[in-house]
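As structure tokens, the structure follows; a few thoughts come after it.
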Amino acid sequence: WMDAGWYPFKTNWVDTGTWEPDPKRFPHGLRAVSDYAHSKGVKIVVWFEPERVMPGTWLYENHPEWLLKPPPNPGDQAYVADTRLFNFGNPEARQWMTDHIDKLITEQGIDLYRQDFNMDPLYFWRANDAEDRQGITEIRYASGLLAYWDELQRRHPNMLVDTCASGGRRIDLETLRRTVPLTRSDYLLEAVGEQVHTYGIAFWLPYFGTEADGLEPYAFRSQMCPAMLLRYDMRRKGLNYDELRRLVAQWRQVANNYYGDYYPLSSYSTASDVWMAWQFNQPGSGQGMVQAFRRPGSPCGSARFRLEGLDANVRYRITNPDDPGYKEEISGRNLLDQGLSVVIKNQPGAAILLY
């Protein structure tokens, strides 16, 4: 996963607009990285932000006619005056960007394309509309951006696209037809925040991701998602690899359930003295899981949750990955009416129950 900063820049990664590998740090391009990764059976993800163009970059200096300027900034608008927006509504500009990124993907051996977006475009669009054509710049821009993604995917039919906009904010329906958010938010790692992110986003999206750095179950399970980016420094001598392998193995054991139907089992809350729980159910196979979290201030060591989507006329076997010897059979009717009892002794703590 090669994120922002692989291209030449003057100050830091925000100096976007020259889309070539930095020759100082990558004298042989990204191909040296991708070839090595591919030799180990690993794909690479590379970050792009083609829409934001900064001064001193190739696009800024060579093709100002392809860039949208903002209006004068009265002080309350979210942009820097010399920032430019690459105009995907310009057919010539879009064709150049499509061909250039296509060439990079091919020549550098890029497997997954990640597109970020860290600016507010509305001011740029409106500043370039005529009085009697309000909204036309935005319409052409949005249509052009979708056409850009479609053409990249036509040329690279096996390439997945990761959408990111300061962390998973570009999740409109047309974008989601083409992409998934592998980083659902830039607010990362903190356990309660991760719990409420899953609670909310799972209503709408079947596939999403976040980063994980936990080395104990409460933190790691709060960060569990369909897609996991493991954020661990492998140079650390004292890293507890045994525990990390155990947690990742548990995620692999249960991750298929995330493709099932989603049911919240508790209320949404950020309070420290409550439980939060949800269920992912696979009706076709009769399998699923319940995840429950006891927050650090909760005085309750157990809770009961009524499950959803089950067959009342069959019996379900309940297992616990933390306790291989635990097995219990409960009727579907009982789980629907009386609920499933979950015990969490640790404070805070997390449980996963499979059925």
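Here are some notes:
- Under Karplus coefficients 6.51, -1.76 and 1.60, residue-wise ³J(HN,Hα) of the stretch 258-273 in Hz, glycine/proline x: 4, 7, x, 6, 9, 9, x, 10, 10, 6, 6, 7, 9, 5, 8, 10
- Taking the DSSP bridge list for the chain and keeping only pairs wholly inside it, about 70 percent are antiparallel.
- Helical mean residue ellipticity (222 nm; -39500 (n - 2.57) per DSSP H run of 4+; nearest 500) of the chain: -8500 deg cm²/dmol
- Distance (nanometres) between label positions extended 7 Å along Cα→Cβ at residue 122 and residue 270: 2.2
- The residue 20 and residue 143 beta-carbon pair, evaluated with R₀ = 25 Å, returns a calculated FRET efficiency of approximately 0.35.
- In units of the rule-of-thumb radius 2.2 N^0.38 Å, the chain shows an alpha carbon radius of gyration of 1.16.
- Amide H within-cut-off set for residue 288, under 5 Å, with H built and near neighbours excluded: 282, 355
- Using a probe of 1.4 angstrom and keeping all protein chains present, the accessible surface of the stretch 1-142 works out to 51 square angstrom per residue.
- Nearest 10 degrees, 0 to 90: helix 136-155 Cα axis against the chain principal axis: 70
- Inter-probe distance in nm under a simple model that places probes 7 Å from Cα toward Cβ, at residue 80 and residue 239: 3.3
- Inter-label distance, residue 35 to residue 354: 4.2 nm, where each label sits 7 Å from its Cα along the C-beta direction.
- Per-residue ³J(HN,Hα) for the stretch 213-223, Karplus 6.51 cos²θ - 1.76 cosθ + 1.60, θ = phi - 60°, Hz, x for Gly and Pro: 9, x, 10, 9, x, 4, 5, 4, 5, 5, 8
- Look at the Cα gyration tensor of the stretch 314-355: its axes a ≥ b ≥ c give a/c of at least 1.5 with a/b at or below b/c, and that counts as oblate.
- Sites residue 131 and residue 62, calculated FRET efficiency, Cβ-Cβ separation with R0 25 Å, nearest 0.05: 0.20
- Fraction of accessible area attributable to carbon and sulfur, the chain (%, probe 1.4 Å): 50
- Taking amide H positions as modeled 1.01 Å from N, with prolines and chain starts lacking one, the residues under 5 Å from residue 16 and 5 or more places away or on another chain are 54.
The values are calculated or read from the model by the stated rules, or taken from the named source; none is laboratory data. All values reported here derive from a predicted model rather than from experimental measurement. So basically every Cβ, Gly included, is an ideal-geometry build from the backbone, and we count neighbours across all protein chains shown. The accessibility values were calculated without ligands, DNA or RNA, using every heavy atom of the protein model including side chains. Shrake-Rupley method; radii C 1.70, N 1.55, O 1.52, S 1.80 Å.
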